Structures are given as C-alpha cells and as structure tokens.
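As structure tokens, the structure follows; a few thoughts come after it.
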Amino acid sequence: MSTQPNTSWIDPATLWMSRTRQEDDPASVAETEFRQVLARAVSGDSRAFEQIVVRHERRVLTLSWRLLGSMEDAQDAAQEVFLRTFKYLHRFDLQKPFEPWLVRLTVNVCRDLGRKRSERGLVFVESEEQLDRFDLASTSDPFAELQSEQQRRMLYRLLASLPEKERTAFVLRDIEGLSTAETAEALGSSEATVRSQISSARLKMRKAIAKSSGGRRQ
Amino acid sequence: MKMNCVSFESFIALLVEGDLNEADRRGVEKHLEECSDCSVLFVELQESQAAFKALRQGMVNAGAISEVRARVLNDVGDLDPAPAWVVVMHRLLFAGLRRRAAIATVAVGVLLLGGLWLGLTKHQMQTEVKLAAHDEPVVPVNVAAEEEFVKPVKTDKALPRPRRHRTVTEKPDNRVAAQSDSIQFPIKFVTDDPNIIIYWLPSDKGD
C-alpha cells in the first residue's frame, strides 16, 4: 500500500509557489497552506470550503454589519457572500490574494442588499438588541464601559447619516483600515474618487461630532 | 473662516490620515502653520478619526457567527461545486483576468483588427484609383502659375476629390522665349503618390 499522499488535487502553480517560497517563514507557510485549501475547495472539497468559512466569517460578518448597520441584514449578507464564494470560487485566480476578492464580494453583496432595503423603505439602522450582538472590549471600569458603549452607539448613528457611497468608503478606509488603493479596488472605483469620498465623509463626521458635543466650529 | 481656508478643508481631511502626496502635504502643512482656524480643524479631525478607529475593537459575538456558519454550511450542502470542465474552460478563456476585463480586451482586439482591415482596404483602393488616373490624359488649367488647382479629369472611374497640388513648372526664360518661340517646355505634375510623376509635353497647338 502506497504511503504517498494524494496530491493530484493541488494546482501546479500552487506547488511551484510552495517550492519557491521561504519555507521557514511562518506567514508564507500559512499562506501556501491556505492556497492549497483554496485549490481543494475549487475542486469541490466541502471540508476545505468549511475551513475558508471559519477563517473569514468574522471579518465578513463584521464588515457587513458596519456597511449595513443591521445585524440581521449583516447575517443575510454574510451568508450570501459565502454562497457566492462557493459558486464562483473557480473564477478566482489562485495566485492573487484572497482577502481583497472576498472584501469586494462582500461590498457588492451589501450594496445589493442595501439597495433592496432602501426599496422597501428601510434605512441604515441599529437597534439595542443588535448592538448586544457585538462583543465589547471588556474593562474593569463599568462606567468607562458604559461611556464607551454610548459613544459607540452615537458614532454608528452619525455614520448612518452619511450617503451610501461615502459611508462605504469611510468604513473601508477608516474603520476597516484598508489603504486607499485597497478601498478603491474593493469599490471598483479610482483612488481619486475614494479620496474625495473619504475627505467629504471625514469632514461631515467631524462636524456631526462637534455638533453633538457642542463643539466650537460648525 | 477665510475664503481661502474653505479650499483647504478637503486637503486637511486627507492629511489627517496621510492621504496626500508630498507636494500637497507640504502646502497644507505650511497653511496650517499660518492659520489657527485650520489648525483647530486639523486637531478636531484627528479626534473624530480616533473615535471612529476605536470602533475597530468591537467584534461580532460568537453566537451571531456560528449562526451564519450553520446557515452557510447547510446551504452549501445542497449546492454542487462548479464542474471540472467549467473550471478548466474558465481558466483557458479568461487566463486569470476578470471576466469584464477579458471581454473588454477581446472587444478592443476585434475593433483594432477591424480598423486595420478597413485602413488596408482603403489604401488599396486609393492606389488602384491613382494608377488608373495615371493612364488617363491630364489637362492642366494654368501651367504658368506656380500653385494651381488641378481640376479632376472626367473619367469613368471615380477619382479622389480635387486637391491643391504643388505644380512644379520649369518656367520659360523670357529672354530665351523671345529668341525662339518654338522651344517647348515639359510640365511636371506631382501627384499624391511620390512614386507617380506625370510629365506633359504640349504640342505647338497647345493640346
């Protein structure tokens, strides 16, 4: 009986990459392993796909929540994102990074869902019950925690007042922490457009915060 | 706030997170040194950005995540993955490009080839017309003028629009002409095609 592992499912490009990468670099080893998982998922391995879901579910759900402002909608969006991932994973180029592709998919799904929601007359919402589904950074000071929680709710309400495109750019760039180029790629627009959107959003948010706290300059 | 400061606002909003290029950054920083109002705006923007960055700490709780996972895996169980031939065909057809990019590339290629073909066909037709025109008699209107409009010659074949040609004429020397009226000078016509030069020797009767 042969003890050789079955590697027929591994993409030749992945094998080549695995040989050329630095074997002692943990990040590149993890990346190579993940590409192998992706290749297995493309060939229909449901266990490999589950690994992809487990690895990215938190990121996708959090981003969806921030873009949509509703946990219920965010869960629907995250579910749709992973179903589309399963359906269209064969279109993904295994030599490119996976996360930007997934972020772009998430943004598109959230846009579609947001559009449907606005057709139904709903807006970017946040309820007390939904906020309870967020884990807060626990501190020993309950007053500080309460203050932090109130501030967080206020910021999300201010965020809700932004136009959809500006909010998406602002969330990706300033809350998710993507670079301007990554944000532009996720939105399918130019860096100049993103800069214009985030500049406008930052000024509006600064003004809204100053107004809500009785600031000096309007 | 000064009028000038309004134009700086969007730049200051970008400066807060380092989204400006080197030249713009220097310009805005110089303005901030001179303008107290804009310095206040810069500080307030920094504070509001810090508040929003704190939102990064909030993460979705485990219950919401596991609910999504269960729903996804349940749905995926009912789906079939893309068949192997679809995967192979997709890679062959789109070569790692995005679908839209691949289609756009093909469309541009088709347009370029079409344009090239049209250009070649037109050039070939023009060459044929010129060759045909070369065989027909050409009647100049005024041979003495240095620059003339060459009128189109009536032929059965379609000729290109009359164009302004530079007609190089060997001007007869008046002194020589006076000495002998019988001397004839050839007339040279230069056509669009540098390879085709038409010489006309008029007879005594002028035909």
Nearest-0.05 FRET efficiency for B:PHE185 and B:HIS123, computed from C-beta distance (R0 30 Å): 0.30
Let me know the mean shielding of A:166-176 by other chains, meaning the per-residue number of their Cβ atoms within 10 Å of its Cβ. 2
Inter-label distance for B:ASP75 and A:GLN147, nm, one decimal - labels placed 7 Å from Cα along Cα-to-Cβ: 4.2
On the formula 1/(1 + (r/R0)^6), with r taken between the Cβ atoms of A:ALA27 and B:ARG100 and R0 of 25 Å, the FRET efficiency rounded to 0.05 is 0.20
Linear extension gain, B:GLU33 paired with B:SER66, 0.36 nm per residue minus alpha-carbon span: 6.7 nm
What percent does the relative contact order of the stretch A:30-97 come to when contacts are Cα pairs within less than 8 Å and at least six residues apart? 28
Cubic angstrom per residue, convex hull over Cα atoms of the stretch A:26-88: 86
Taking a 25 Å limit on the Cα-Cα distance, which of the listed pairs B:LYS130/B:LYS188; B:LYS122/B:LYS188; A:LYS96/A:LYS204 fall beyond it? B:LYS122/B:LYS188; A:LYS96/A:LYS204
Two pseudo-spin positions, 7 Å from Cα along C-beta at B:ASP192 and at B:LEU111, lie apart in nanometres by 2.6
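Read-outs throughout are calculated quantities, based only on the coordinates presented, and are distinct from any laboratory measurement. Being a predicted model, the structure only gives us computed values, none of them experimental. Glycine also receives a Cβ, built like all others from the backbone with ideal geometry; neighbour counts cover every protein chain displayed.
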